[in-house]
1. Which of the following residues is at pLDDT 95 or above and at positive phi: N56, N90?
2. Which one is farthest from N29 (Cα to Cα) among residues in segment 90-102 that are assigned to a strand (DSSP E or B) and open to solvent by less than 30 Å² (accessible area, probe 1.4 Å)?
3. Would you tally the residues in segment 75-85 being within 18 Å of Y52 (Cβ to Cβ) and either assigned to a loop (DSSP other than H, G, I, E, B) or among the polar types (S, T, N, Q) (or both)?
4. Hey, N67 hits all of (1) crowded, with 19+ Cβ neighbours inside 10 Å; (2) in contact (Cβ under 8 Å) with a residue 60 or more places away in the chain but one; which does it fall short on?
5. Can you confirm whether segment 32-42 contains a residue that is touching a strand residue (DSSP E or B) at 6+ places or on another chain (Cβ under 6 Å), acidic (D, E) and not in a loop (DSSP other than H, G, I, E, B)?
6. Under the condition of being of a type in the set (V, I, T) and farther than 14 Å from N62 by Cα, which residue from segment 1-38 is most open to solvent (accessible area, probe 1.4 Å)?
7. Could you look through segment 156-198, keep only residues that are open to solvent by 90 Å² or more (accessible area, probe 1.4 Å) and part of a loop (DSSP other than H, G, I, E, B), and pick out the one that is modelled with the lowest pLDDT?
8. Can you pull out every residue in segment 107-155 that is in a loop (DSSP other than H, G, I, E, B), at pLDDT 95 or above and of a type in the set (D, E, K, R)?
Amino acid sequence: LEGKVQNNFVMLNGGTGTTYGIYSYYSNNQDIDFNTVYTRSTSTANYPLYSYYGTNIRYTNNIFYTNSNAYCMYFYNTTLNGFDHNVLFNTGGTFAYWNGTNYANLGTLQAGTNLNLNSISKPLNFRDAFDGDLHLAGASQNDVSLTGILQPEVTDDIDHDPRILPYRGADEACYILPNTVSYRFVDGENNEVTYANIPGTVNVNINVAFPD
């Protein structure tokens, strides 16, 4: 059997207590994709991802984000079926714990594990993280660096909007739908043309139909 944990917002405000966003403990055969996990605590055990033992686990297109100096991920002895195209972020301190080794930043984690090679680490804007609204907001809505990789079985996001780019995390922040962009070549008087004399000028009119 295969479990799927996909398209979830997880916001945990642990105060001073231990906080685990996704807690994978001796789990097997899990696809954990397109989740946005935000943890907030002053505890040093404040991890958006805690993965401890298990086999055949996939982590792709997730946002594991902590508003603290704790690890953004704690990983121990898990056999993987993929771990990439995530956003991994903490505000300082040791970046991640991986099988007995502390890693100071994403670059050293990538070099030491040869995983998360297409993952990124950067601050994000959320609509209202404190109240659990983890929709991307502000500049993060138009940030193409947040593009992940399509997973065929995940066709929409937490709001049932279609996955287009797709964005990492549960919120697909691309608001252009397939087949809603059109263009035509025109001359200086906006008449459609199929060729241009050289020297000459051809303009391109682009039309975008945005959903409601």
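1. Of N56, N90, the one residue that is at pLDDT 95 or above and at positive phi is N56.
2. Filtering first and then ranking leaves A96.
3. Of the residues in that region, 4 qualify.
4. Going through (1) crowded, with 19+ Cβ neighbours inside 10 Å; (2) in contact (Cβ under 8 Å) with a residue 60 or more places away in the chain one by one, N67 breaks only (1).
5. Checked against the condition, which is being touching a strand residue (DSSP E or B) at 6+ places or on another chain (Cβ under 6 Å), acidic (D, E) and not in a loop (DSSP other than H, G, I, E, B), segment 32-42 yields at least one hit.
6. Looking at the filtered set, the residue picked out is T16.
7. Y175
8. K122
The values are calculated or read from the model by the stated rules, or taken from the named source; none is laboratory data. Note that the structure is a prediction, hence the values are computed from the model and not measured. Quick reminder, even Gly has a Cβ in these numbers, built from the backbone with ideal geometry, and neighbours come from all protein chains shown. For the accessible areas, the whole protein counts, side chains as well, though only heavy atoms, and no ligand, DNA or RNA atoms are used. Shrake-Rupley method; radii C 1.70, N 1.55, O 1.52, S 1.80 Å.
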